[in-house]
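See structure below.
The values are calculated or read from the model by the stated rules, or taken from the named source; none is laboratory data. Model, not experiment: these values are computed from the prediction. Backbone-built Cβ (ideal geometry, glycine too); neighbour counts: all protein chains shown. Side chains are part of the model used for accessible areas, which takes the heavy atoms of the whole protein and leaves out ligands, DNA and RNA. Shrake-Rupley method; radii C 1.70, N 1.55, O 1.52, S 1.80 Å.
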Amino acid sequence: MSDSNTTEFTNPSTFILLGIPGLEVAHVWISIPFSTMYVIAVLGNFTVLCIVKREPSLHAPMYYFLCMLAVTDLVLSTSILPKMLSIFWFNSREIDFSACLTQMYFIHCFSVMVSGILVAMALDRYVAICHPLRHSTILTNPLVAKIGLAVVLRSGMVILLYPILARQWPYCRTNVIPQPYCAHIAVVNLACADTRVSSYYGLFVLFFVTGLDGIFIAVSYTQILRTTFSLPTKDARLKTLGTCGSHIFVILAFYIPGLVMSLMHRFAQNVPLHFHVFIANVYLLVPPMLNPIIYGVKTKEIRVRLLHLFTHTGA
């Protein structure tokens with residue numbers, strides 16, 4: 001009997017996604033804020049893309065990186081929400097093994113891509129504030145394109161090992177994933193082999209990819225603050241800091257939920273599983289919704305163009 005159970009999931013054709021364990025009766029209600037966040041994310045990011053495309057004055061490195069962030073947010077949220085809502089609304093919990101690995105790849109690849117884009121935006125702010133006279137000669141369009149390509153290639157290549165390794169493991173315990181999507185560690189934990197290679201590689205990505213990104217952003221803003229506070233007048237300092245406001249809020253929206261989730265996994269062992277899963281969903285879904293709102297509110301150029309767009313349409 002044990003042998004048959006062992007071989008049953010050795011090469012699973014499907015996984016079962018539980019949604020948010022312990023809150024199954026509330027799935028329909030939980031879907032309301034999640035679907036609302038998705039709609040806001042899609043409309044907001046498409047609006048940013050349309051405004052930047054239509055306005056030649058916004059064809060600058062900062063807004064090119066913002067468009068990259070908008071596209072990344074759209075792909076990231078779309079790789080999660082449709083399947084999640086099908087679980088919440090229709091109890092459609094099965095996901096094909098290959099589709100699960102594909103979803104895993106997209107989620108982690110585009111999460112790392114967001115981190116890389118935030119580094120590129122920090123570089124843009126550093127050059128604009130610390131070397132303003134050379135900004136246009138340093139961050140040329142070809143260089144911006146190369147930076148964007150490097151961010152995409154780095155993310156794609158670094159995360160490629162996630163599904164490759166996950167496909168190699170035998171799965172003989174169960175095919176039930178206690179989450180509404182296929183996260184790397186959730187899938188690997190189902191394997192009945194020594195998966196330390198996957199675990200160590202996941203830590204490598206966490207510390208030496210996104211961790212180094214965070215250090216680079218911190219160093220950039222240290223230099224930015226030093227330059228800003230050396231300006232002669234208070235108005236000049238406030239104006240300079242104002243150009244970084246939206247980027248700082250986006251960085252906080254990306255890193256703070258991730259930090260909270262990481263601390264919870266390590267030190268809040270008594271916290272119910274459904275709360276862990278809920279926080280993980282917030283970490284992935286809130287930033288794509290907040291980013292276009294933050295840039296729409298905090299960036300004068302986008303705010304002005306947005307108001308002009310609506311008033312012109314209304315007229």
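Selection of the range 190-202 for residues being surrounded by fewer than 16 Cβ atoms within 10 Å (Cβ to Cβ), in a loop (DSSP other than H, G, I, E, B) and either in contact (Cβ under 8 Å) with a residue 60 or more places away in the chain or in contact with a helix residue (DSSP H, G or I) (Cβ under 9 Å, 6 or more places away or on another chain) (or both) yields C192, A193. Checked across the range 259-279, the condition of being within 24 Å of the chain's Cα centre (by Cα), modelled with pLDDT under 85 and under 29 Å from I302 (Cβ atoms) holds for at least one residue. Taken over the range 117-141, the criterion of being small (G, A, S) and open to solvent by 20 Å² or more (accessible area, probe 1.4 Å) is satisfied by A128, S136. Quick check, is L133 of a type in the set (A, V, I, L, M, F, W, C) and either touching a residue at least 40 places away in the same chain (Cβ under 8 Å) or in contact with a Pro (Cβ under 9 Å, 6 or more places away or on another chain) (or both)? No. When S136, S115 are screened for being of a type in the set (S, T, Y), under 30 Å from P61 (Cβ atoms), touching a helix residue (DSSP H, G or I) at 6+ places or on another chain (Cβ under 8 Å) and part of a helix (DSSP H, G or I), only S115 passes.
Scanning the range 174-189 for residues that are open to solvent by 70 Å² or more (accessible area, probe 1.4 Å) and not in a loop (DSSP other than H, G, I, E, B) gives a single hit, I185.
Under the condition of being among the aliphatic types (A, V, I, L, M) and either touching a strand residue (DSSP E or B) at 6+ places or on another chain (Cβ under 6 Å) or not in a helix (DSSP H, G or I) (or both), which residue from the range 139-173 is farthest from T72 (Cα to Cα)? Checked the range 139-173; the qualifying residue farthest from T72 (Cα to Cα) is L139.
Within the range 142-173, take every residue that is open to solvent by 70 Å² or more (accessible area, probe 1.4 Å) and more than 25 Å from the chain's Cα centre (by Cα) and give me the one that is farthest from I107 (Cα to Cα). Once the filter is applied, the top-ranked residue is P142.
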